[in-house]
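Report on the structure given below.
The values are calculated or read from the model by the stated rules, or taken from the named source; none is laboratory data. The structure presented is a predicted model; accordingly, all values stated were derived computationally and were not measured. In this analysis, Cβ positions are derived from the backbone assuming ideal geometry, glycine residues included, and neighbour counts consider all displayed protein chains.
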Amino acid sequence: MFLPYQILDLLQVMIRTEEELVEYEHQSFTITKDDENPVLIEFDTFDGTKKAASPAFLMALLLKQHLKAIKKETGKKPNGLVFCILKDFHWEDIECVNNCLVDACNLLKLGSYIFFD
């Protein structure tokens, strides 16, 4: 289960440029890349192995858990999500977060998603 500070950490990675991420340091993960992904988050798993995933993939995992929780609470599978990014971010940062959320929704094959401020 992800904790709120981990979600904020993920958002901080999502709003940074590749150049800014070169100097970004975190105690729980490192930033890396490969030929297909300009930004990967490399982390230790529960069994001690290292894994790497894109911010969009990790966000998709979070959203998947939220969808399961909504279904459990309401008894119905949601057919979409609505996102509200708070104004604590600069406009350019909000666009970066929105783009990553679109990628995450596409990974989930989520048919409907809306952004509002």
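For the stretch 97-109, name all the residues that are modelled with pLDDT of 85 or more and either surrounded by 14 or more Cβ atoms within 10 Å (Cβ to Cβ) or of a type in the set (A, V, I, L, M) (or both).
98, 100, 101, 102, 103, 104, 105, 107, 108
Scan the stretch 71-81 residue by residue and report those that are over 17 Å from residue 7 (Cβ atoms) and surrounded by 10 or more Cβ atoms within 10 Å (Cβ to Cβ). Spell out the reasoning first.
Kept after step one, since they are over 17 Å from residue 7 (Cβ atoms), are these residues of the stretch 71-81: 71-80.
Within the stretch 71-81, 71, 78, 80 meet the criteria.
Would you list the helices (runs of 4 or more DSSP H) that sit entirely within the chain and hold 3 or more residues that are touching a strand residue (DSSP E or B) at 6+ places or on another chain (Cβ under 8 Å) and free of Cβ contacts under 8 Å to residues at least 24 places away in the same chain? Before the answer, list the steps.
Numbers: elements: 4-14, 18-22, 55-74, 91-107.
Output list is empty.
One residue is enough: does the stretch 49-68 have a residue meeting the conditions loosely packed, with under 10 Cβ neighbours inside 10 Å and not polar (S, T, N, Q)?
Scanning the stretch 49-68, I find no residue that is loosely packed, with under 10 Cβ neighbours inside 10 Å and not polar (S, T, N, Q), so the answer is no.
Going through the stretch 2-28 one residue at a time, which ones are within 14 Å of the chain's Cα centre (by Cα) and over 24 Å from residue 91 (Cα atoms)?
Restricting attention to the stretch 2-28, the residues satisfying the condition of being within 14 Å of the chain's Cα centre (by Cα) are 2-16.
Result: 2, 3.
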